[in-house]
Amino acid sequence: MSKFELKLPQMGESVAEATLTSWLKEVGEVIEMDEAVFEIATDKVDSEVPSEVDGVLVEKLFEIDDVVKVGQTVAIIEINGTGEQTTKAVQSEAAANVPEAQVEAVEKTIEIAKQEASPTVMDFKGSDRFYSPLVKNIAKEEGISVAELDTIPGTGSEGRVTKNDILEYVANRKSGNVQPSKEALGDSENFAAVSRREEQQVASVKSPEVKTNVAAVQPANGDEHIPLSRMGKLIANHMTASLEKSAHVQSFVEVDVTNLVNWRNKVKNSFEKREGEKLTFTPIFMEAVAFALKKYPMMNISLEGDTIIKKKNINIGMAAALPDGNLIVPVIKNADQLNLVGMAKAVNDLAKRARANALKPDEIKEGTYTVTNVGTFGSVFGTPIINQPQVGILALGAIRKMPAVVETQEGDFIAIRSKMYLSHSYDHRVVNGALGGMFVKTVADYLESWNVNREV
């Protein structure tokens, strides 16, 4: 019998630690390889951590809400155990047969891991939002209460407050551009100092009081109260913050996709038989967007302060609906380097695992542009909200048959054509109407000029 140390794996280049949110296994339970043992959360994503071996869980080294650093041992698993009784017998045998030096080494590892759990983070159990350990530590150092932290808009995944968000807030707070209320600061010790600073800043200038009357919601008999889930709250905050941050502008283009529809109907059965994958319209749309981003690289950017960051890679996010009604955006990395077969496989794989809540943290990060298919639910077009820190998002409308004027050398006539709308939302701070319009027109032209004889 031997013991295996289950460590916190690397969750991405920018993630150094995570919060343990729940244990999925108890001490003494048998664990199979790839079976989830515990759940963790970062400011990027929630994720389950599976076991790398078969065995029995014999010790937990962290408690729920503890902060764990990448590479730290979180649990001890005894390999080839069959249950609590076997575990105790093995532990007795191990204590009798294992050299004392090895026993001391294991005990030392466990003790170090326990000591490295962060005991100094503020109590955030009263907040419905998730905060990464780094954000919590900054809040503690700056004397920011939980109530005040809840008022900070987040630009991270699903509206989470990132390191840059809280540092920017702290800078504005110190310069007086942000004036937190007493209710937001709660009972924090620095409220008196902040109040004195505010009084000095407004001593010579008094603004007229602005009163906003907001009617309170009066529930009627029979109304159902449904609290937002944690993810729902994060998404709501993320969407609101995006609208406040970016100057949203939309361009709409009608696209004749008759040739594309006819081509797909002709090849979809043979494609599925050969590749073992269904050929939907989504990978075709992704290919068109990747082509347009390559042609117009200034759509593949982000804005940080007064600096434009032009992205080297084309990573297209694909908004996917979850069974609970929330959304998640898995990312197709280096989409411009995939052929249609590779794109179809990537799209199907990410969509399937998104619905099963089985995406890895790296698979929902580093997107440079996003596509959302509102036509899946019958919408003709939409005005999507930009997924920060990107500067554009494309909504794909439903494909519908409709009468249209067709121009030929013999004259114009009315025909039944398959058409759809593309709705392009972009950030007018850095993307002007010409670029936004040319980009979506390029996507449309790519789809309209689809070769009906194309091999796949």
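List of remarks:
- Hey, Val347 assigned to a strand (DSSP E or B), touching a residue at least 12 places away in the same chain (Cβ under 8 Å) and in the same structural domain as Leu394 (by TED's automatic domain parsing) or not: no
- Being buried (at least 17 other Cβ atoms within 10 Å of the Cβ), of a type in the set (Gly, Ala, Ser) and at pLDDT 90 or above holds for only one residue in Gly81, Gly55, Gly28, and it is Gly55.
- Screening the candidates Phe291, Phe252, Phe285 for the property of being surrounded by 20 or more Cβ atoms within 10 Å (Cβ to Cβ) and of a type in the set (Phe, Trp, Tyr) yields one hit, Phe285.
Rundown of residues vs (1) at pLDDT 80 or above; (2) crowded, with 19+ Cβ neighbours inside 10 Å; (3) closer than 24 Å to Ser47 by Cα, yes/no style:
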| position | (1), (2), (3) |
| --- | --- |
| Lys163 | no, no, yes |
| Ile166 | yes, yes, yes |
| Tyr169 | yes, yes, no |
| Lys182 | no, no, no |
| Gly186 | no, no, no |
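- Matching residues, region 385-397, being of a type outside the set (S, T, N, Q) and either under 20 Å from Phe291 (Cβ atoms) or assigned to a strand (DSSP E or B) (or both): Val391, Gly392, Ile393, Leu394, Ala395, Leu396, Gly397
- Pairs where the first residue, in region 267-278, is outside any helix (DSSP H, G or I) and the second is modelled with pLDDT of 95 or more and surrounded by fewer than 14 Cβ atoms within 10 Å (Cβ to Cβ), C-beta under 7 Å, 6+ apart: Lys278/Glu272
- If you filter region 415-450 down to residues that are in a strand (DSSP E or B) and free of Cβ contacts under 8 Å to residues at least 40 places away in the same chain, you find that the one that is farthest from Val391 (Cα to Cα) is Ala415.
- Restricting region 61-78 to residues that are part of a loop (DSSP other than H, G, I, E, B), acidic (Asp, Glu) and surrounded by 14 or more Cβ atoms within 10 Å (Cβ to Cβ), the residue that is modelled with the lowest pLDDT: Asp65
The values are calculated or read from the model by the stated rules, or taken from the named source; none is laboratory data. Quick caveat, the model's predicted, so the values are computed rather than measured. Here the Cβ is made from the backbone with ideal geometry for all residues, glycine too, and neighbour counts use every protein chain on show.
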